[in-house]
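Visitor: Questions regarding the structure given below will be posed in turn.
The values are calculated or read from the model by the stated rules, or taken from the named source; none is laboratory data. All values reported here derive from a predicted model rather than from experimental measurement. All Cβ positions, even for glycine, are placed from backbone atoms using ideal geometry, and neighbour counts span all protein chains on display.
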Amino acid sequence: MNLQTSEAEALAILFGMQTDRSAGQGVEELAGALSGQLSMPLSDLTRMMPWVTRDLRRARRTLKAEVETVADMLSLDSPPVELLRMLKSYAKLCYHDPAGVMDKEVALMLYYAAITVALIKHDEVITSLKRPRLIRSLNSRLNKAWIDPRLEELFHDALAAMGAEAQDEPLGKIAEIKSGTGSTAA
């Protein structure tokens, strides 16, 4: 077992989550797991990813509001993109964690939340996903009975900003997406 897995297990215990995620989860369990992740203190990201400690401190200094949790950060008018990238990395790490500390569906919800907030609040792309895949993925998240209402609103806002048509082009800035000129920068 590697150090990151041990830290992931410690976080799971801290939030009262099961560490065996291979079995299917019910709606209530998934909703509870997502709620636990959204109420996770941002400082806990550094336990899973110690290399982001300096970036987290620097990003928090730029904030005018007191931000303690992931949900606080996602609800800001303009959360630092560095924090969104950290959340995306954390979710990706949890998704690929061989110990399965976090349900993969919960990890995906956080992953897409970070991408969505960067896109709609900063008009910044923090993914190499192409537009059609992002649209399909957001629609898939919206079909989860256990989605948090705050994330549901964010995903609807992102879909509205991108428009309904999926095109096989790299994701670009919102203005480029609407006009169909999509940038290849990702």
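Visitor: Are any of the residues in the stretch 124-135 closer than 16 Å to M49 by Cα and assigned to a helix (DSSP H, G or I)?
Guide: No, because not a single residue in the stretch 124-135 is closer than 16 Å to M49 by Cα and assigned to a helix (DSSP H, G or I).
Visitor: While we're on this one: Pick from S43, S35: which is within 25 Å of P149 (Cβ to Cβ), of a type in the set (G, A, S), modelled with pLDDT of 80 or more and assigned to a helix (DSSP H, G or I)?
Guide: Of the residues listed, the single one that is within 25 Å of P149 (Cβ to Cβ), of a type in the set (G, A, S), modelled with pLDDT of 80 or more and assigned to a helix (DSSP H, G or I) is S35.
Visitor: Just to be sure, is R150 modelled with pLDDT of 95 or more and part of a helix (DSSP H, G or I)?
Guide: Here the answer is yes, as R150 does meet what is asked.
Visitor: Also, I was wondering about something else. Looking for whichever is crowded, with 24+ Cβ neighbours inside 10 Å and on the phi < 0 side of the Ramachandran plot here; the options are L142, L119, L134, L93. Which one fits?
Guide: The unique qualifying residue is L119.
Visitor: Right, here's the next one. Which numbered condition in (1) over 19 Å from A158 (Cα atoms); (2) at pLDDT 85 or above is the only one that T53 fails?
Guide: (2) is the only condition that T53 fails.
Visitor: Of the numbered conditions (1) more than 16 Å from the chain's Cα centre (by Cα); (2) within 20 Å of M109 (Cα to Cα); (3) buried (at least 17 other Cβ atoms within 10 Å of the Cβ); (4) not β-branched (V, I, T), P79 satisfies every one except a single condition; which is it?
Guide: (1)
Visitor: Another one. Quick one: which residue in L63, L56, L34 is more than 19 Å from T127 (Cα to Cα), surrounded by fewer than 17 Cβ atoms within 10 Å (Cβ to Cβ), in contact (Cβ under 8 Å) with a residue 12 or more places away in the chain and not β-branched (V, I, T)?
Guide: The unique qualifying residue is L63.
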